[in-house]
Amino acid sequence: MEVGIGLPNAVRGVQGREIVTWAREAEQAGFSSLGTIDRIVYENYEPLTALAAAAAVTERIGLLTSILIAPLRSNTPLLAKQAASVDGLSGGRLVLGLAPGGREDDYAVSGIDFHARGELFDRQLDELRGLWDGDEVGPKAAPTVILGGTADAAFRRAATHGAGWMLGGGTPDMFKEAMPKLDAAWREAGREGEPRRMALGYYSLGPDAEKSANEGLGHYYAWLGDYAQQIADSAAKDADTVKQYAAAFEEAGADEFVFFPASSDPAQVGLLREALG
């Protein structure tokens, strides 16, 4: 199983120089991918913009949106062009993880009907590949697409439009339980080979691990109420737990697991590398 690391693009208070430093150090440490998280109503850096900055200072590490809330980009040709631009600038390193998201305030501020997001997303997925394959929108590129979400429609979309599926937080048991749904959708769509299977989780290491997890993840997920504390509590806070998470998701069948940070301190890159051994 490959192990990626999230950029701290959605950590409150992150500075641009920290994202650039983080990207450089993550590549030097040998991680498979740099992931990003998407929100509108939050003080985060937009994912494709953050990945463009990372692309400029790296050469080999994969670039991953995990996930990008596609219906919030209702101008689908512009979304296709932005993704193709990051893919081209990086030499074909972009994996475009897409999902419809679940925060009503992101949709409200964007002037898009939250309850129509599934229908809009399906139309976008139909349109994106045609835009990349055609001549109307450049540059010429074909980003790899991964679908997120846990509804039945997510597995259908992954099999119809993507190269695989990603669990956006959850336990190894949840991941394992989703595999039959993904495999069934893949067969029903007549796809050959195997879908790519991905997942993400959180970590916070070092002397301030508990504080960083509580403050960073607690604030980001405050909209979930008491469940925000459960997310902060679940973050891996020591080397043993980091290794246990990686081993459990590998056993569950993941091809890649991405550890997302609760702190924007670039020292967290080295701490995760050391924890993984």
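The residues on offer are Thr49, Thr58, Thr65, and the sole one that is of a type in the set (Val, Ile, Thr) and assigned to a loop (DSSP other than H, G, I, E, B) is Thr58. Of the residues Ala158, Ala178, Ala163, the single one that is touching a residue at least 12 places away in the same chain (Cβ under 8 Å) and farther than 27 Å from Ala235 by Cβ is Ala163. Would you be able to tell me the number of residues in segment 95-111 that are of a type in the set (Val, Ile, Thr) and crowded, with 16+ Cβ neighbours inside 10 Å? Within segment 95-111, residues that are of a type in the set (Val, Ile, Thr) and crowded, with 16+ Cβ neighbours inside 10 Å number 1.
Restricted to segment 186-223, and to residues there that are assigned to a helix (DSSP H, G or I) and among the basic types (Lys, Arg), the residue that is farthest from Glu256 (Cα to Cα) is Lys211. Any residue at all in segment 73-94 that is hydroxyl-bearing (Ser, Thr, Tyr) and within 22 Å of Met198 (Cβ to Cβ)? Yes; the residues of segment 73-94 include at least one that is hydroxyl-bearing (Ser, Thr, Tyr) and within 22 Å of Met198 (Cβ to Cβ). Checking each residue in segment 82-135 for being under 19 Å from the mean Cα position of the chain (by Cα) and without any contact (Cβ under 8 Å) to a residue 24 or more places away in the chain picks out only Gly102. Scan segment 33-42 and give yes if some residue there is among the hydrophobic types (A, V, I, L, M, F, W, C), modelled with pLDDT of 95 or more and within 22 Å of Ala158 (Cα to Cα), otherwise no. Within segment 33-42, one or more residues are among the hydrophobic types (A, V, I, L, M, F, W, C), modelled with pLDDT of 95 or more and within 22 Å of Ala158 (Cα to Cα).
Could you check Phe257 against (1) surrounded by fewer than 15 Cβ atoms within 10 Å (Cβ to Cβ); (2) in a strand (DSSP E or B) and say which number it fails? Result: Phe257 fails condition (1) only.
Out of Asp233, Asp183, I need the residue that is of a type in the set (D, E, K, R), touching a Pro at 6+ places or on another chain (Cβ under 8 Å) and either over 19 Å from Ile61 (Cα atoms) or not in a loop (DSSP other than H, G, I, E, B) (or both). Which one? Before you say what the answer is, go through the steps one by one.
Working: Asp233 fails: touching a Pro at 6+ places or on another chain (Cβ under 8 Å).
It is Asp183.
Among residues that are at pLDDT 95 or above, surrounded by 19 or more Cβ atoms within 10 Å (Cβ to Cβ) and among the basic types (Lys, Arg), Arg123 is not included.
Can you tell me which residues in segment 198-218 are of a type outside the set (Ser, Thr, Tyr) and surrounded by fewer than 24 Cβ atoms within 10 Å (Cβ to Cβ)?
Correct list: Gly206, Pro207, Asp208, Ala209, Glu210, Lys211, Asn214, Glu215, Gly218.
The values are calculated or read from the model by the stated rules, or taken from the named source; none is laboratory data. Please read all numbers here as calculations on a predicted model, not as lab measurements. We place every Cβ from the backbone using ideal geometry, glycine too, and count neighbours over all the protein chains shown.
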